[in-house]
1. Restricting to region 165-193, name every residue that is acidic (Asp, Glu) and under 20 Å from residue 135 (Cα atoms).
2. Taking region 133-170, which residues are buried (at least 19 other Cβ atoms within 10 Å of the Cβ) and within 14 Å of residue 216 (Cβ to Cβ)?
3. Inside region 213-263, counting only strands (runs of 3 or more DSSP E) that do not spill past its ends, which hold 2 or more residues that are of a type outside the set (S, T, N, Q), more than 19 Å from the chain's Cα centre (by Cα) and under 25 Å from residue 93 (Cβ atoms)?
4. Quick one: is residue 205 on the phi < 0 side of the Ramachandran plot, among the hydrophobic types (A, V, I, L, M, F, W, C) and either out of contact with any Ser or Thr (no Cβ under 7 Å at 6 or more places or on another chain) or modelled with pLDDT under 95 (or both)?
5. Please go through (1) out of contact with any helix residue (DSSP H, G or I) (no Cβ under 8 Å at 6 or more places or on another chain); (2) over 21 Å from residue 133 (Cβ atoms) for residue 238 and return the number of the only condition it doesn't satisfy.
6. Mind listing just one residue for me: the one in region 179-207 that is part of a helix (DSSP H, G or I) and over 14 Å from the mean Cα position of the chain (by Cα) and, of those, nearest to residue 119 (Cα to Cα)?
7. Those residues that are within 23 Å of residue 154 (Cα to Cα) and open to solvent by less than 70 Å² (accessible area, probe 1.4 Å), I need them from region 224-239; list them, please.
8. So for region 197-206 (the condition being open to solvent by less than 40 Å² (accessible area, probe 1.4 Å), over 27 Å from residue 110 (Cα atoms), free of Cβ contacts under 8 Å to residues at least 24 places away in the same chain and not hydroxyl-bearing (Ser, Thr, Tyr)), does at least one residue qualify?
Amino acid sequence: MRIGSRPVAVALGLSSSSLRASASAIGTTSSTTGAFFARPRIFSAFIAPSGVSTSTSGGGSTSNCVRPYSLSQTRGLAMASTSSSSSPASSQVVPGRVALLQFPVTESKDTNHQTASDYLARASAKGAQLCVLPEIWNGPYATAAFPEYAEVLPDIGATLADGDAIDQSPSAKLLMEKAKGYGMWIVGGSVPERVSVDDGKKDEIYNTCLCINPQGTVVGKHRKVHLFDIDVPGGIRFMESDTLSPGNTMTAFDAGEPLGMIGVGIW
């Protein structure tokens, strides 16, 4: 099945700054964050850890265009939402402009929230219609840290009017407020999500991405399916599965023209 006339695939990768915040746990500091988008072709764009990179989905330039993807790779995605309404347009918004953010991550959630707010403001000032945050941006990327930084995340359809349900997740609330305030779509990177199971007897932790429309409504929710496990004899051992549970669904949402259908994955 083909989704839309201009398919978009966003793949979230581990941020280098988040890795640095937990280098002692995993023994490395190299990684990238990427997003893939197309009109009508698909290409990948990667940005340096130092700031905001913007591109236009109509074929405009971007840094480091590599690894072309065929349209067939965007087929077969399960559509999580078909919300395509647009917010009251800001004079700054450039249709089709995508901002890819990668920023320093610390052990302070409050500091990370402020940093994300600053980068979203910079992206809005550059006219971004869609903004993509990095994987695990609200705390260090370390299996021991995931439960500490985990939040109870809202489900698809949640809005800022939902009150207490939104207050349980300060990270989600921040993204929803910024999406509505700036009138932009946000693919919210990912944060650890806490889910109570077995009648509250235990918790499961997921690596989860929220997708939010310009009205501040959650239109997509993706839990990382393929967890990163590595065990090199005599070398590095890092097992996401020690803490995280895998998701089991594919995710897409309709961002309307010119962005089209957007598929989300975490790798």
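The values are calculated or read from the model by the stated rules, or taken from the named source; none is laboratory data. Just so it is clear, the structure is predicted and the values come from calculations on it, not from any experiment. Reconstructed Cβ throughout: ideal geometry from the backbone, glycine too, with neighbour counts over all protein chains shown. The protein model used for the area step is the full one, side chains on, heavy atoms only, and it has no ligands, DNA or RNA in it. Shrake-Rupley method; radii C 1.70, N 1.55, O 1.52, S 1.80 Å.
1. Residues of region 165-193 that are acidic (Asp, Glu), as a first pass: 167, 177, 193.
Of everything in region 165-193, those that are acidic (Asp, Glu) and under 20 Å from residue 135 (Cα atoms) turn out to be 177, 193.
2. Of everything in region 133-170, those that are buried (at least 19 other Cβ atoms within 10 Å of the Cβ) and within 14 Å of residue 216 (Cβ to Cβ) turn out to be 154, 158, 166, 169.
3. On the way: elements: 218-223, 229-231, 237-239, 251-254.
Where strands (runs of 3 or more DSSP E) fall fully within region 213-263, none carries at least 2 residues being of a type outside the set (S, T, N, Q), more than 19 Å from the chain's Cα centre (by Cα) and under 25 Å from residue 93 (Cβ atoms).
4. Numbers: on the phi < 0 side of the Ramachandran plot: yes; among the hydrophobic types (A, V, I, L, M, F, W, C): yes; either out of contact with any Ser or Thr (no Cβ under 7 Å at 6 or more places or on another chain) or modelled with pLDDT under 95 (or both): no.
No.
5. Residue 238 satisfies all of (1) out of contact with any helix residue (DSSP H, G or I) (no Cβ under 8 Å at 6 or more places or on another chain); (2) over 21 Å from residue 133 (Cβ atoms) except (1).
6. Here is the first cut: in region 179-207, the ones part of a helix (DSSP H, G or I) are 179-182.
Applying the additional criterion that residues be over 14 Å from the mean Cα position of the chain (by Cα) yields 180-182.
Numbers: 180: 16, 181: 14, 182: 12 Å.
The qualifying residue nearest to residue 119 (Cα to Cα) is 182.
7. Initial filter on region 224-239 (within 23 Å of residue 154 (Cα to Cα)): 224-227.
224, 225, 227 - these are the residues of region 224-239 that are within 23 Å of residue 154 (Cα to Cα) and open to solvent by less than 70 Å² (accessible area, probe 1.4 Å).
8. First, the residues of region 197-206 that are open to solvent by less than 40 Å² (accessible area, probe 1.4 Å): 197, 205-206.
Narrowing further to those that are over 27 Å from residue 110 (Cα atoms): 197.
Okay, now just the ones that are also free of Cβ contacts under 8 Å to residues at least 24 places away in the same chain, so 197.
Filter once more, so that each one left must be not hydroxyl-bearing (Ser, Thr, Tyr): 197.
Scanning region 197-206, I find at least one residue that is open to solvent by less than 40 Å² (accessible area, probe 1.4 Å), over 27 Å from residue 110 (Cα atoms), free of Cβ contacts under 8 Å to residues at least 24 places away in the same chain and not hydroxyl-bearing (Ser, Thr, Tyr), so the answer is yes.
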